[in-house]
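Novice: Take a look at the following structure, please.
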Amino acid sequence: MKQTHKVKIVDNVEISPGIYKIDLLFKEIVESAKAGQFVNMYTNSSGSLLPRPISISQINKEKNVLTIVYAVVGKGTKALSEMKIGDEVKVLGPLGNGFNIPKEAENHIVIGGGIGAPPLVELVKQLKGNIEVYLGFRSNPILIEEFKEYGAKVYVATEDGSVGIKGNVRDILKEKNLKADMIYSCGPKPMLKAIAKYATENGIKAQVSMEERMACGIGACVGCTCKTKKKEEVQNKKVCKDGPVFYSEEVVWND
Amino acid sequence: MTNPNIKVNIAEVELKNPVMTASGTFGSGREYGEYVDLNKLGAVVVKGVAKEPWDGNPTPRIAETYGGMLNSVGLQNPGVDEFIEKDIPFLRQFDTKIIVNIAGKSIEDYCEVAKKLIKADIDLIELNISCPNVKAGGVNFGTDPAMVEEVTKAVKKVAKQPLIVKLTPNVTDIVAIAKAAVRGGADALSLINTLLGMAIDIHKRKPILANTVGGLSGPAIKPVALRMVYQVANAVDVPIIGMGGIANGEDAVEFILAGASAVAVGTANFNNPTATIDVIDEVKEYMDKYNVENLDDIRGKLL
Ligand SMILES: Cc1cc2nc3c(=O)[nH]c(=O)nc-3n(C[C@H](O)[C@H](O)[C@H](O)COP(=O)(O)OP(=O)(O)OC[C@H]3O[C@@H](n4cnc5c(N)ncnc54)[C@H](O)[C@@H]3O)c2cc1C
Ligand SMILES: Cc1cc2nc3c(=O)[nH]c(=O)nc-3n(C[C@H](O)[C@H](O)[C@H](O)COP(=O)(O)O)c2cc1C
Ligand code: FES
């Protein structure tokens, strides 16, 4: 039987204002976890029942460590940020499908927006060939060094212009004539929608990691649906179970 | 531990224990079946099914609130035909009872689902009357005693399996509704469904749910659920399945003391995937502690 695990926190640091990186000693899942999957974190904040879905950012099989990076946006992530090294946290996972890495693909474009960047680190680690990473942030970019360490060429845009190009990922895309076998992306929905359009126009396949409010996280409650289409038939898929990663052409974007 | 007798009987169907899943929180058991041994459950109550597939509401459909959550799933389901074809064979692999929750927009809709289930290998039907009656201007079936009696009677007439009627708490007089369901022929009652609620994102100045309102469930509603079970248990003679915020054995025992024959665990699954099994074990622990041999010895027995 699968189960929730109580796992030990071995690191929990603020890497940028309001953004934390947490390392979990999580032997049970490092073997099976894939880039693009997520875990359900059960935080101890008072009156809170639902788990917080957070993407896996890195998997370290030697050290049995799972890394996640999260933004403090509400009471659950606040409670998480206050946990100390040595504390235990209840976690369920790995959940969801993760990115699909086609064997024959050689040229990869990876696009992350804000707190959508973390799951792409493990992805880049897994990719072989030419990897270009495009990251957009409001300000204060994160994880740039990690992406570089795994051999990617990194392009950054910030809305305040503090680092890289002033603007967002869409602005970089407009300028470039990207050649790639596959686009992988995670970030705010308007960005993903723009990528989907770009991918269609340029005849490139794109994978998008979607986000939705969840309850169970395992496909039982139908809380987290995403409208998708197969040929002309529109269908509700579950972001937690059928996703979070979808092919951009599957997703019905106009809502 | 001694082995207390926790079998219960709901309309001639014997459950090995009083713990079932609350409709809509457990799918058809497939997903949670990876976390709990479905053979250990008294019954699996499946997600509501309708005559045809329903799309449900737009997202966000989920909002957490203090001690509870709101959902506006809107009864998305694949329709009864697909359910019969795919989910019943799956569930029948397990030694547990199958209770099918049915939804409809008109009396004819409900009857059609019940008819399609005549030949299906299931144990009980649970009629979810917290649905708008399209032919009556969208008034919720479950809020009007006359409509409750009428829909219960109509479905009872065509259904082959015993009928549980599931009551909505969004009424002024739950006892009047319960009595109407019993007059209509309900073999058992289950209560409560979710309480209508709302949550607002003050930063966006918008409701969190795309549907604006949704059903509140979880520990926050337990006192209301318990009160309603208590009132109804004292007013009707059919067995009652109590639910609303049950997360552990103590919660379940409270409902049994209030008069419930069985209980259902819903929202708690989201917080703890093995909540159903934990509830069963903890009910046994309670019985052990107080030397209760038989659940009947405490059911409705407040001192
Ligand atoms: C598949 C998936 C992967 C994610 N990966 C990451 C990640 O790697 N890093 C990260 O910082 N965040 C990630 N998120 C978003 C993260 O789940 C929310 O920011 C978090 O749940 C907020 O919880 P809170 O208690 O701090 O906020 P609150 O606003 O207090 O939360 C209240 C409720 O709303 C839900 N909620 C609030 N915001 C979101 C949101 N944006 N998406 C989904 N549910 C939300 C919460 O889960 C909770 O149930 C991911 C979301 C999904 C669905
Ligand atoms: C996500 C969700 C979906 C639900 N779907 C149904 C449903 O399809 N039919 C139904 O009768 N009740 C449905 N309910 C109500 C539950 O079965 C139950 O009556 C209610 O949630 C109270 O119990 P709880 O607090 O243990 O969850 C749903 C509840 C939730 C949280
Ligand atoms: S969160 Fe329950 S089905 Fe996805």
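Since every read-out is calculated from the coordinates, none of them should be taken as a lab result. Computed from a predicted model, the values in this text were never measured in an experiment. Virtual Cβ from ideal backbone geometry, glycine too; neighbours counted across all protein chains shown.
Novice: Would any residue of segment B:40-64 have its amide N under 19 Å from a label point 7 Å out along Cα→Cβ of B:ALA210? List them or say none.
Specialist: B:53-64
Novice: OK, next. Percent antiparallel among DSSP beta bridges with both residues in chain A, to the nearest 5?
Specialist: 60
Novice: Return a single number: how many Lys pairs in segment B:188-303, at a sequence separation of 8 or more or on separate chains, have alpha-carbon atoms below 24 angstrom apart.
Specialist: Summing the qualifying lysine pairs gives 5.
Novice: For a test of the definition: using alpha carbon positions, the gyration tensor, and the 1.5 limit on a/c, classify segment B:172-303 as rounded, prolate or oblate.
Specialist: oblate
Novice: Starting from the Cα of A:LYS78, step 7 Å along the direction of its Cβ; do the same at B:LYS289; then give the gap between the two resulting points in nm.
Specialist: The modelled label-to-label distance comes out at 3.4 nm.
Novice: How do B:TRP54, A:TRP253 line up, fewest other C-beta atoms within 10 Å first?
Specialist: Going from sparsest to densest Cβ surroundings: A:TRP253, B:TRP54.
Novice: Using only the Cα atoms of chain B, build the gyration tensor, take square roots of its eigenvalues as a ≥ b ≥ c, and label the shape rounded, prolate or oblate: rounded if a/c is under 1.5, else prolate if a/b is larger than b/c, else oblate.
Specialist: Here chain B falls in the rounded category.
Novice: According to a simple spin-label model (label point 7 Å from Cα along Cα-to-Cβ), what is the distance in nm between A:GLU104 and A:TRP253?
Specialist: Placing both labels 7 Å along Cα→Cβ, they lie 2.6 nm apart.
Novice: Now for a different question. Placing +1 on the Cβ of each Lys and Arg and -1 on the Cβ of each Asp and Glu in segment A:195-255, which of A:ILE218, A:ILE204, A:CYS240 has its Cα farthest towards the positive end of the resulting dipole?
Specialist: My answer, from the dipole projection, is A:ILE218.
Novice: If one takes the longest principal axis of the Cα atoms in chain A, at what angle in degrees, from 0 to 90 and to the nearest 10, does the Cα axis of helix A:189-202 lie?
Specialist: 40
Novice: Sort by residue number and name the cysteines in the protein assembly as shown that have no neighbouring cysteine Cβ under 4.7 Å.
Specialist: Cysteines lacking a close Cβ partner in the protein assembly as shown: A:CYS186, A:CYS224, A:CYS226, A:CYS240, B:CYS111, B:CYS131.
Novice: Hey, another quick one. Work out the FRET efficiency for A:LYS27 and B:GLU34 from their Cβ-Cβ distance, taking R0 = 22 Å, and round it to the nearest 0.05.
Specialist: 0.70
Novice: For chain A, what is the relative contact order in percent, using Cα pairs closer than 8 Å and at least 6 residues apart in sequence?
Specialist: 17
Novice: Identify, among A:ASN254, A:MET191, A:GLN58, the residue whose Cα sits farthest towards the positive end of the charge dipole of chain A, taking +1 on the Cβ of Lys and Arg and -1 on the Cβ of Asp and Glu, with the dipole about the Cα centre.
Specialist: A:ASN254
Novice: Please compare each pair in A:LYS229/B:LYS119; A:LYS238/B:LYS160; A:LYS21/A:LYS125; A:LYS153/A:LYS237 to a cut-off of 25 Å on the Cα-Cα distance and tell me which ones are over it.
Specialist: The pairs that break the limit, which is 25 Å between Cα atoms, are A:LYS229/B:LYS119; A:LYS238/B:LYS160; A:LYS153/A:LYS237.
Novice: Which percent, nearest 5, of DSSP beta bridges in the protein assembly as shown are antiparallel?
Specialist: Counting only bridges with both partners in the protein assembly as shown, antiparallel ones make up about 55 percent.
Novice: Could I ask something else about it? Would you mind telling me the antiparallel percentage of the DSSP bridges in segment B:8-297, rounded to 5?
Specialist: Roughly 45 percent of the DSSP beta bridges within segment B:8-297 come out antiparallel.
Novice: Please give the contour-minus-distance gain from A:GLN3 to A:GLU88: 0.36 nm per residue of separation, less the Cα-Cα distance, rounded to one decimal in nm.
Specialist: 29.0 nm
Novice: A further question on this structure: Assuming R0 = 41 Å, can you tell me the calculated FRET efficiency for the pair B:LYS301 and A:VAL13, based on Cβ-Cβ distance, to the nearest 0.05?
Specialist: 0.15
Novice: Now a separate question. List the aspartates and glutamates whose Cα lies under 15 Å from the Cα of A:LYS231, skipping any in the same chain that are fewer than 8 positions away.
Specialist: Correct list for A:LYS231: A:GLU249, A:GLU250.
Novice: Please list, in chain and number order, the residues 5+ apart from B:ALA260 or on another chain whose amide H is under 5 Å from its amide H, with Hs placed from the backbone.
Specialist: B:GLY300
Novice: List the relative contact order of chain B as a percent without decimals, with contacts defined as Cα pairs under 8 Å and 6+ residues apart.
Specialist: Normalised by residue count, the contact order of chain B is 20 percent.
Novice: Grab the other residues whose beta carbon is less than 10 angstrom from that of B:PRO53, score K and R as +1, D and E as -1, and report the net.
Specialist: Result for the neighbourhood of B:PRO53: -3.
Novice: May I pose another question? Give the order of A:HIS108, A:HIS5, B:HIS203 when sorted by the count of other beta carbons within 10 angstrom, beginning with the fewest.
Specialist: B:HIS203, A:HIS5, A:HIS108
Novice: Something else about it: What is the magnitude of the charge dipole of chain A about its Cα centre, with +1 placed on the Cβ of each Lys and Arg, -1 on the Cβ of each Asp and Glu, and no other charges, expressed in debye to the nearest 20?
Specialist: That gives a dipole near 460 debye.
Novice: For every other residue with a beta carbon closer than 12 angstrom to the beta carbon of A:TYR247, add +1 if it is Lys or Arg and -1 if Asp or Glu, then tell me the sum.
Specialist: +1
Novice: With a ≥ b ≥ c taken as the square roots of the eigenvalues of the C-alpha gyration tensor of the protein assembly as shown, please select rounded if a/c is under 1.5 and otherwise prolate if a/b is larger than b/c or oblate if it is not?
Specialist: prolate
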